[in-house]
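The numbers here are math on the coordinates, done by the rules we state, and not lab data. Predicted model, so just to flag it, every value in this text is computed and none were measured. Quick reminder, even Gly has a Cβ in these numbers, built from the backbone with ideal geometry, and neighbours come from all protein chains shown.
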Amino acid sequence: MSALQAAFDRADELGAAGRFFEAHEAVEAFWMKAEGEEKLLLQGLIQIAAGLHRFKLDPAKTDGAFYLLQRGLAKLRKAEKLLAPGSLAPLSAAVGRIRSTRKAPAALVFGLKAA
């Protein structure tokens with residue numbers, strides 16, 4: 001298994017338990033060793049996890065959380081070629097639902113797969 005997929009799997013495990021801050025921290029450990037587009041991809045996932053954590057802490061203050069979610073998605077899209085085809089679509093849809101409903105999810109599996 002690649003380090004990239006290991007980072008995704010760990011984020012999924014923690015996200016499924018609603019532990020977004022821990023997911024951010026776990027992926028950051030992989031990010032510190034990554035380079036190039038892998039680093040960008042992991043930074044995007046870190047920003048999404050941080051946005052979810054922030055939103056969960058204070059659902060009334062959405063601006064910062066939504067900013068992180070959008071920035072994270074933008075980074076993931078820039079490095080999408082490192083992902084398995086269709087891997088980003090479910091996460092992108094989940095972020096869209098979060099924005100439209102303005103509700104923080106109790107848990108979220110990011111679902112990213114390395115190409």
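Tell me, what ³J(HN,Hα) does each residue in segment 67-83 have, in order and in whole Hz, if you take phi through Karplus 6.51 cos²θ - 1.76 cosθ + 1.60 with θ = phi - 60° and put x for Gly and Pro?
Result, ordered by residue: 4, 5, 4, 5, 4, x, 4, 4, 5, 4, 5, 5, 10, 4, 5, 7, 9 Hz.
Once both axes come from the Cα atoms, what is the angle between helix 20-31 and the longest principal axis of the chain, in degrees from 0 to 90, rounded to 10?
On a 0 to 90 degree scale, this one is about 20.
To the nearest 0.05, what FRET efficiency results for residue 60 and residue 113 with a Förster distance of 35 Å applied to their C-beta separation?
After rounding, the FRET efficiency stands at 0.55.
When ranked by the protection proxy of mean other Cβ atoms within 10 Å per residue, highest first, what sequence do the peptides 35-46, 76-87 form?
35-46, 76-87
Expected output is a single nm value to one decimal: the length gained when fully extending between residue 32 and residue 99, i.e. 0.36 nm times separation in residues minus the C-alpha distance. What is it?
Between residue 32 and residue 99, full extension yields 21.2 nm more.
So for segment 56-115, what are the equivalent ellipsoid semi-axes in whole Å, largest first, each being the square root of 5 times an eigenvalue of the Cα gyration tensor?
Semi-axis lengths for segment 56-115 are 23, 12, 9 Å.
Helix-only mean residue ellipticity at 222 nm, the chain, DSSP H runs n ≥ 4 weighted -39,500 (n - 2.57), per residue, nearest 500. What is it?
-22500 deg cm²/dmol
Would you grab the residues whose amide H sits under 5 Å from the one on residue 83? Only those 5+ places off in sequence or on another chain, please, with H modelled 1.01 Å from N.
Here 115 satisfy the definition.
Express the relative contact order of segment 1-48 as a whole percentage, based on alpha carbon pairs under 8 Å and six or more residues apart in sequence.
For segment 1-48, the relative contact order is 35 percent.
What relative contact order, as a whole-number percentage, does the chain give when Cα pairs under 8 Å and 6 or more residues apart are counted?
Reported as a whole number, the value is 32 percent.
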